[in-house]
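These notes are about the structure you will find just below.
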Ligand SMILES: [Zn+2]
């Protein structure tokens, strides 16, 4: 920034022609020029261009190669894009950033093809793990081993004498704990199985280390809370992962305050790589109200001013709350979360948040959960009058037919994750039937009703990768390969619509549509260069696209094949 201010000053003092032969008599030279790109701007006034000029952290000009050439000065960094596609940086409207970073940081066991390899990876990890820290995560899968057998602690005890180990099976219903972890958790041969759980034992009745369901919680309680250092490490790793995928902004749902402290520290050190909008839990609404924070409070790198509410449920666990019962489990129609018991508790919190100018983002998946939240939103408008409040419903998966219009009238943003559609699409109809499934992940119907979409992933629940998300929205080809022409294909989006939802749509959802979301003069220079033109390739090939370069605030923060810090 200082650099550009200095240069601006210089440009005022010297006749521009003395500097370089450019024609912008009043303009300084750009710090960065990207030329020979296929620029898709997401700016309706100029959808396509060839080149972009950046000064400091902002875009200053977008145009043809020759128009932008006039911004080149002797110190301008020029990147020749070789005809590749340049898009605005992706803005993920719904992530769990710390959990994502922790997952990236944890030992990877899913593809270990033998118990020896499983043990070797844990041993290697233990050597690198600071004393006292636990080894967790892993997602092992013994069905890939020959013979298939549940691992026991004997496999890893000698490799992990000083490191507690608590590694999960991929389905989340079993863990393997080593002897140290069992000792710290106080689990012995005398410990009875807890209700709803099993401590797996050998012939002598001694725990083997395998713990099922409720027995996992007995050991999990012994895991100490994350240290500040662990959080910093996880978030740094999450940021590196994000920029490697072209994600330049994330909207962090229900972060711990300790995570926000890490963001703030990284901001202070100039080490934030992606822009953050943080939405802490609505249960703690009083904290932001007390400080007087309103929506989108902060600066370009770090903002707060939203709250995340939870109406409850997921389709996978049959807890999403519907008007009608689940088809394959007719004794239930899901549950509202405890935040919704009674509903007046949620109403009071929402009213308080809205009165303070905080933005409300509510997780709602089943049709009745969504409808109930729309009722509450509507009561807020009645009580407090119209305002630009940009209510959001996170996931907004299974809509009642009657609610699309209401969604639009209340100007609620549908903050959706297309990857969940191609994942849940494998089993959704068995759970809720064809009729209801036809209003599921109904992105086209939302657009037809004038509802704004914001795209995200829900990482670490789904991959953070925008390319996979766009592929999902455009093809709706379920992960099981059973719907190659699309599951409810009438709900497919075009690539243009998907890119817009991921950039301008997400920017709007965080009140930042004037700052980012398109490649236009004045906006933050957050951009991504892709290996192929996703507007031109066959839809099924979209997912083969690679990110070549990622720019945040005009800086090249990630480059394919380079040593990225
Ligand atoms: Zn989530």
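Please list, in order, the residues from the stretch 147-172 whose amide nitrogen is less than 14 Å from a point placed 7 Å along the Cα→Cβ vector of residue 116. The answer is 147, whose backbone nitrogens lie closer than 14 Å to the label point. Our summary gives the chain a relative contact order of 15 percent, counting only alpha carbon pairs under 8 angstrom and 6 or more residues apart. Between the helical axis of 228-244 and the longest alpha-carbon principal axis of the chain there is an angle of about 50 degrees.
Annotation for the stretch 68-125 versus the stretch 260-275: alpha-carbon center distance of 18 Å.
Sort 91-101, 546-556 for me by packing, meaning the mean count of neighbouring Cβ atoms within 10 Å per residue, highest on top.
Values: 91-101: 26.0, 546-556: 21.4.
So the peptides 91-101, 546-556, ranked by packing, come out 91-101, 546-556.
Expressed to the nearest 5 percent, the antiparallel share of DSSP beta bridges inside the chain is 50 percent. Taking every C-alpha pair closer than 8 Å and separated by at least 6 residues, the mean separation divided by the residue count of the stretch 292-427 gives a relative contact order of 23 percent. For the stretch 410-541, treating each Cα as an identical point scatterer without solvent, what Debye log10 I(q)/I(0) comes out at q = 0.13, 0.15, 0.19, 0.22 1/Å? Debye intensities relative to I(0), on a log10 scale: -0.55, -0.73, -1.13, -1.43. Cβ crowding within 10 Å ranks 218, 350 as 218, 350, fewest other Cβ atoms first. Reported to the nearest whole Å, the Cα centre-to-centre distance from the stretch 312-368 to the stretch 393-418 is 14.
Which of 295, 80 comes first, and how do the rest follow, when ranked by fewest Cβ neighbours within 10 Å?
Values: 295 24, 80 13.
Going from sparsest to densest Cβ surroundings: 80, 295.
How large is the Rg to Rh ratio of the stretch 357-408 when both quantities use alpha carbon positions and Rh follows Kirkwood? Rounded to two decimals, Rg over Rh is 0.95. The angle separating the long axis of helix 428-437 from the principal Cα axis of greatest extent in the chain is about 50 degrees. Against the longest alpha carbon principal axis of the chain, how many degrees, from 0 to 90 and to the nearest 10, is the axis of helix 2-13 turned? Here the helix axis deviates by roughly 10 degrees.
Where only DSSP H runs of four or more residues are counted, the chain gives -9000 deg cm²/dmol as its mean residue ellipticity at 222 nm, each run worth -39500 (n - 2.57).
The alpha-carbon atoms of the stretch 333-451, seen along their principal axes, cover 42, 32, 23 angstrom, with the largest extent given first. Sorted ascending by nearby beta carbons within 10 Å, beginning with the fewest, 457, 188, 163 become 188, 163, 457.
Rg and Dmax of the stretch 190-345, based on Cα coordinates, read 21.0, 62 Å.
Which log10 I(q)/I(0) values, to two decimals, does the stretch 182-261 give at q = 0.13, 0.16 Å⁻¹ under the Debye formula with one point per Cα? Evaluating at q = 0.13, 0.16 Å⁻¹ gives log10 I(q)/I(0) of -0.63, -0.74. Ranked by the mean number of other Cβ atoms within 10 Å of their residues, highest first, the peptides 58-66, 39-47 come out as 58-66, 39-47.
Separation of the stretch 506-527 and the stretch 433-449, taken as the distance between their Cα centroids, equals 28 angstrom.
With N the number of residues in the chain, Rg(Cα) / (2.2 N^0.38 Å) evaluates to 1.05.
FYI, it's all coordinate maths here, none of it is from the lab. Remember, predicted model here, so these are calculated numbers, not experimental data. Cβ: placed from backbone, ideal geometry, glycine included. Neighbour counts: every protein chain shown.
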